[in-house]
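Here is the structure we will look at, set down as structure tokens.
The values are calculated or read from the model by the stated rules, or taken from the named source; none is laboratory data. Just so we're clear, the structure is a prediction, and the values are computed from it rather than from any experiment. All Cβ positions, even for glycine, are placed from backbone atoms using ideal geometry, and neighbour counts span all protein chains on display.
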There are 2 protein chains.
Amino acid sequence: MRELKGMPVAKAMLEKLEKEVNKLEEKGIVPKLAIVRVGEREDDLSYERGIYKRFAAAKALVETTVLSLEVTQEKLEKVIQGLNQDECVHGILVFRPLPEHLDEKRIADLVAPAKDVDCMTMANAAHVFAGDKLGYPPCTPQAVVEILDHYGIEVCGKKVTVVGRSMVVGRPLSMLLLQKHATVTICHTRTENLEEECRQADILITCAGAPKMITGVHVKQGQVVIDVGIHAQEDGLCGDVDYAAVSEQVEAITPVPGGVGSVTTTVLLKHVVESAVHK
Amino acid sequence: MRELKGMPVAKAMLEKLEKEVNKLEEKGIVPKLAIVRVGEREDDLSYERGIYKRFAAAKALVETTVLSLEVTQEKLEKVIQGLNQDECVHGILVFRPLPEHLDEKRIADLVAPAKDVDCMTMANAAHVFAGDKLGYPPCTPQAVVEILDHYGIEVCGKKVTVVGRSMVVGRPLSMLLLQKHATVTICHTRTENLEEECRQADILITCAGAPKMITGVHVKQGQVVIDVGIHAQEDGLCGDVDYAAVSEQVEAITPVPGGVGSVTTTVLLKHVVESAVHK
């Protein structure tokens, strides 16, 4: 069994990106991400720390606007509009979910598509749907693609089963894989025969949001398994896949932690650098 | 074998729509579609005749703006903008493909989303992708859904295979079916084992654009087959499915002609009426 670790993928991406950042530096441009965070949720803070660390390693900038949980829609919209207009900002990331009194969809769609480095806007979602490569896909699905590419796992013509249909991972990931000519099956909670659907795949990708729901009965020899899930359990972090049972059978599998999640912030950096290049 | 004819579906839809049109009439509103046609292509003219006939049956209006093949981008854009602003127009349909000197994407995206009754804009495509029901899906995929609904063919939890991945049919159709909780597999020209993928489906839907490419080896007993293709051959019209060979085996199948195509204009009418109601 081959363990598809995320760090070597991130490292290879970073090496390429450092060259791009150096070229930009010669032109006096420093790639910059603006984070908008409402409140102090631990998930957000942890992701934020990961972003700062990764961006610092590439000499790219991050600046966080922190707003209180009581922030008004009007105030938040003004913040986004300000960042849209700020020429030094190349990417905008608003941590979600937002508090319930805020219109999250409206906020997300307010981000300038050219700075929408995590596919928050409907405009970029449409580009991912159409496969026209004119908008940035969300970072997590793109991280899956980077892992497959890095480890030379061919998807063209292959049967790829995606478990999960969210707009954050499942749907955009399915479209990215379709664009790479995979035969894509989208499964979800209503799928009648999930075990068989999973077993028939050449590549099984789980973004179901349920800890260890994919067990030994869902897989077969020779498969590649990519686990997008990440869940805090009493005994530590785990994915959607029961790693101990599944890794015994399949050809290759991403660990959790240390798999997809460790590539996501590098994809974010890549998108911000690309945005700075195209400016 | 049950033949899933389109006309009974269209008729049932029309009966409901007539009531809506009558209610609108009491408010002094007549649903109106604006067609924009460049040139005199036979395909367009034939579709246009079908639209006029169907709309007349429901006392809804159609008005066609005919432009020469030499029309400029500027002129065509002005036509669209005029129709966007015209309060009597509830739906806009631009026949495509447009001549090569025109920027078709730009034209399509210029249509006001509220009047975009055939999902020409990226804004409506994004709504179909997200499954939020805020935009009109394209008419042909919606016609497939209407046929399945009319004949009581359950898709929730079922394995549906879609052959074709265009933005006109395959992709939006896959999303509409996903929204109805089908387990959707998207196949295409690069799919390695198309025969098996098709045979494994509970419902097989073809929008591949290749005459009679789906034969007896692609199907099994008990399946429902929906044929979206329509091709002019020497001996008449045919679909993507070899009807003679396939209809012998499956449980139910749409004919070509007389299947999906005969529901499409009624879906267009439905969208225009809905647009007039929501105005």
message: Tell me yes or no: at least one residue of the stretch B:66-85 is outside any helix (DSSP H, G or I), more than 14 Å from every other protein chain (Cβ to nearest Cβ) and either among the aromatic types (Phe, Trp, Tyr) or within 19 Å of residue B:260 (Cβ to Cβ) (or both).
response: no
- line: Quick count over the stretch A:16-41, residues being farther than 28 Å from residue A:237 by Cβ and either at pLDDT below 95 or part of a helix (DSSP H, G or I) (or both), is 10
task: Could you tell me whether residue A:9 is farther than 30 Å from residue A:225 by Cα and at pLDDT 95 or above?
output: no
message: I'd like the full set of residues that are modelled with pLDDT of 95 or more and charged (D, E, K, R), limited to the stretch A:211-257.
response: A:212, A:220, A:227, A:240, A:242, A:248, A:251
message: Restricting to the stretch A:85-99, and then to whatever is closer than 17 Å to residue A:67 by Cα and more than 15 Å from the chain's Cα centre (by Cα), can you tell me which residue is surrounded by the most Cβ atoms within 10 Å (Cβ to Cβ)?
response: A:98
- prompt: Does residue A:248 satisfy the criteria of being away from chain B (no Cβ under 14 Å), without any contact (Cβ under 8 Å) to a residue 12 or more places away in the chain and over 22 Å from residue B:200 (Cβ atoms)?
  reply: no
- prompt: Which condition number in (1) within 18 Å of the chain's Cα centre (by Cα); (2) in contact (Cβ under 8 Å) with a residue 12 or more places away in the chain is the one that residue B:52 fails?
  reply: (2)
query: If you go through the stretch B:100-128 one residue at a time, how many are more than 9 Å from chain A (Cβ to nearest Cβ), touching a Cys at 6+ places or on another chain (Cβ under 9 Å) and either of a type in the set (A, V, I, L, M, F, W, C) or surrounded by fewer than 24 Cβ atoms within 10 Å (Cβ to Cβ) (or both)?
result: 2
message: So for the stretch A:176-195 (the condition being buried (at least 23 other Cβ atoms within 10 Å of the Cβ), within 20 Å of the chain's Cα centre (by Cα) and among the charged types (D, E, K, R)), does at least one residue qualify?
response: no
field: Residues located in the stretch B:41-59, provided they are among the small types (Gly, Ala, Ser) and exposed (fewer than 12 other Cβ atoms within 10 Å of the Cβ)
entry: B:46, B:56
task: Please go through the stretch A:183-204 and pick out each residue that is out of contact with any Leu (no Cβ under 9 Å at 6 or more places or on another chain), without any contact (Cβ under 8 Å) to a residue 40 or more places away in the chain and either more than 8 Å from every other protein chain (Cβ to nearest Cβ) or among the polar types (S, T, N, Q) (or both).
output: A:185, A:189, A:191, A:193, A:194, A:195, A:196, A:199
- request: Could you tell me whether the stretch B:42-57 includes any residue that is more than 22 Å from residue B:143 (Cα to Cα) and modelled with pLDDT of 95 or more?
  value: no
- request: Please give the number of the condition residue A:228 fails out of (1) within 14 Å of another protein chain (Cβ to nearest Cβ); (2) crowded, with 19+ Cβ neighbours inside 10 Å; (3) in contact (Cβ under 8 Å) with a residue 40 or more places away in the chain.
  value: (1)
field: Candidates A:249, A:233, A:223 - the one that is of a type outside the set (Lys, Arg), in the same structural domain as residue A:155 (by TED's automatic domain parsing) and over 24 Å from the mean Cα position of the chain (by Cα)
entry: A:249
- line: Residues of the stretch B:122-152 being among the hydroxyl-bearing types (Ser, Thr, Tyr) and under 16 Å from residue B:174 (Cβ atoms), in sequence order, are B:140
message: Here are the criteria: (1) hydroxyl-bearing (Ser, Thr, Tyr); (2) under 17 Å from residue A:155 (Cβ atoms); (3) out of contact with any strand residue (DSSP E or B) (no Cβ under 8 Å at 6 or more places or on another chain). Tell me which single one residue A:265 does not satisfy.
response: (2)
Whichever residue in the stretch B:129-173 is within 8 Å of another protein chain (Cβ to nearest Cβ) and not in a loop (DSSP other than H, G, I, E, B) and, among such residues, is surrounded by the fewest Cβ atoms within 10 Å (Cβ to Cβ): B:130
All positions within the stretch B:12-40 that are among the basic types (Lys, Arg) and surrounded by 15 or more Cβ atoms within 10 Å (Cβ to Cβ): B:32, B:37
